[in-house]
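Asks: Mind having a look at this structure? Questions to follow.
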Amino acid sequence: MHTKLFIPGPTEVREEVLQAQTHPMIGHRSQAFSELFESVTETLRNLLQTRAEVLIFTSSATGVMEGAMRNLVNRRLLSTINGAFSQRWAQIARANGKEVDTIEVAWGKAVKPEMLAEKLQPGKYEAVLLTHNETSTGVMNPIAELAQVVREKSPDTLILVDAVSSLMGAPIDFDGWGLDVVLASTQKCFALPPGLTVTLVSERALKKAETVEHRGYYFDFLLQRRYYQERHQTPATPAISLLYALQYQLQRIQEETLERRYARHREMAEIARAWARKYFALFAEPGYESPTVTTITNTRGISVKDLNQALAQRGFTLSNGYGKLKEKTFRIGHMGDLTPGELRELLAAINDILNLEA
Ligand SMILES: *Cc1c(COP(=O)(O)O)cnc(C)c1O
């Protein structure tokens, strides 16, 4: 039986999108490839309405997070942490030999502009690491306001944003907010299989990369850009089948329009929150709840593991709490191509299993 994924990645992939991967193979130095790669890159740039360089890597997002460290930071950066994924950003920076100062906020809370303002000094940090949507806690950080503080307090500091579980599910104004890197892998709000990471990079960041030594090879932003500019290709063999799926999915997104896609995510989030408030409680700080994943505090002390086993019998799966939040919380991913109707089916199944009154 097909188990529908209400987990915050990988998300449910529609049958016709999966089918798009079965296009006959082509060479990655062929004209057909160049046309495919140019088409997806320019469609992304248009959809996201940005002047940013759009680089597409064959990797999950973690690879490009590491790449951003290698390309854009010589020594010191500031990392904001309010959950497991933002914590990993800091770990990645340290693993690449960077000096990392941190702002740490309790899990479930958002990072606030005044916290950044307190810590920033002109010229002290080459970059600030932000996480748009903390997938472990269901909290969305106020990126526009955070970026504004960085711009005011330390204009030369690059603003690097993990938007893995938000890009294509919630608005991001790369140019307007003055961001330098935004990255997202395809298995979350894009609703594609895992394997590609879409990366937006500012001109400013690319200029900085020119001054950084030992950027590495596979994730060298400048090399990737040069191959794109000269021939609409990539330095190494990319995941061609996934690029066909991305091309197809971008057509579907254009037909839906991003505006309606964002509205659909908001509607699903409202349904999930109303249900959570009625039967349990919300984990996220009020006002910062994520539009793509809802983290629910397990106030009834149910076994999340047993609930998921019972849901599997009915063709659904959700996520247990992340790391230390396991069994204390559980998460409903409502991102990608899922619909409010499908989410209501899941919630009805949970009510039935737990004998909750509708
Ligand atoms: C899923 C996720 C990641 C990890 O991405 P991969 O594609 O698995 O490397 C990083 N950050 C956030 C916010 C995520 O949701």
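The values are calculated or read from the model by the stated rules, or taken from the named source; none is laboratory data. Keep in mind the model is a prediction, meaning the values are calculated, not measured. Cβ: placed from backbone, ideal geometry, glycine included. Neighbour counts: every protein chain shown.
Asks: Can you find a residue in segment 22-36 that is of a type outside the set (A, V, I, L, M) and in contact with a Leu (Cβ under 7 Å, 6 or more places away or on another chain)?
Replies: Checking segment 22-36: not a single residue is of a type outside the set (A, V, I, L, M) and in contact with a Leu (Cβ under 7 Å, 6 or more places away or on another chain).
Asks: Just for segment 89-112: of the residues that are surrounded by fewer than 17 Cβ atoms within 10 Å (Cβ to Cβ) and part of a helix (DSSP H, G or I), which one is farthest from the ligand (Cβ to nearest atom)?
Replies: Result: Arg94.
Asks: When the residues of segment 46-88 are narrowed to those that are among the β-branched types (Val, Ile, Thr) and out of contact with any Pro (no Cβ under 9 Å at 6 or more places or on another chain), which ends up surrounded by the most Cβ atoms within 10 Å (Cβ to Cβ)?
Replies: Val64
Asks: Restrict the check to segment 336-355 and report whether at least one residue is crowded, with 20+ Cβ neighbours inside 10 Å and among the hydroxyl-bearing types (Ser, Thr, Tyr).
Replies: Within segment 336-355, not a single residue is crowded, with 20+ Cβ neighbours inside 10 Å and among the hydroxyl-bearing types (Ser, Thr, Tyr).
Asks: For the structure I just gave you, tell me whether His23 is modelled with pLDDT under 95 and either surrounded by 13 or more Cβ atoms within 10 Å (Cβ to Cβ) or on the phi < 0 side of the Ramachandran plot (or both).
Replies: Details: modelled with pLDDT under 95: no; either surrounded by 13 or more Cβ atoms within 10 Å (Cβ to Cβ) or on the phi < 0 side of the Ramachandran plot (or both): yes.
So His23 fails the test.
Asks: Is at least one residue of segment 146-167 assigned to a helix (DSSP H, G or I) and within 27 Å of Ile332 (Cβ to Cβ)? Explain how you work it out, then say what you get.
Replies: Of all residues in segment 146-167, those assigned to a helix (DSSP H, G or I) come to 146-153.
Checking which are within 27 Å of Ile332 (Cβ to Cβ) leaves us with 146.
Yes, segment 146-167 contains a residue that is assigned to a helix (DSSP H, G or I) and within 27 Å of Ile332 (Cβ to Cβ).
Asks: Identify the single condition in (1) within 21 Å of Leu258 (Cα to Cα); (2) within 16 Å of the ligand (Cβ to nearest atom) that Ala52 does not satisfy, given that it satisfies every other one.
Replies: Tallying (1) within 21 Å of Leu258 (Cα to Cα); (2) within 16 Å of the ligand (Cβ to nearest atom), Ala52 fails exactly one: (2).
Asks: Given (1) more than 16 Å from Leu5 (Cβ to Cβ); (2) out of contact with any Lys or Arg (no Cβ under 6 Å at 6 or more places or on another chain); (3) touching a residue at least 12 places away in the same chain (Cβ under 8 Å), where does Gly336 come up short, assuming only one miss?
Replies: (1)
Asks: Identify, from the list Leu242, Leu200, Leu222, the residue that is in a strand (DSSP E or B), among the aliphatic types (A, V, I, L, M) and assigned by TED's automatic domain parsing to the domain that holds Val40.
Replies: Only one candidate passes the filter, namely Leu200.
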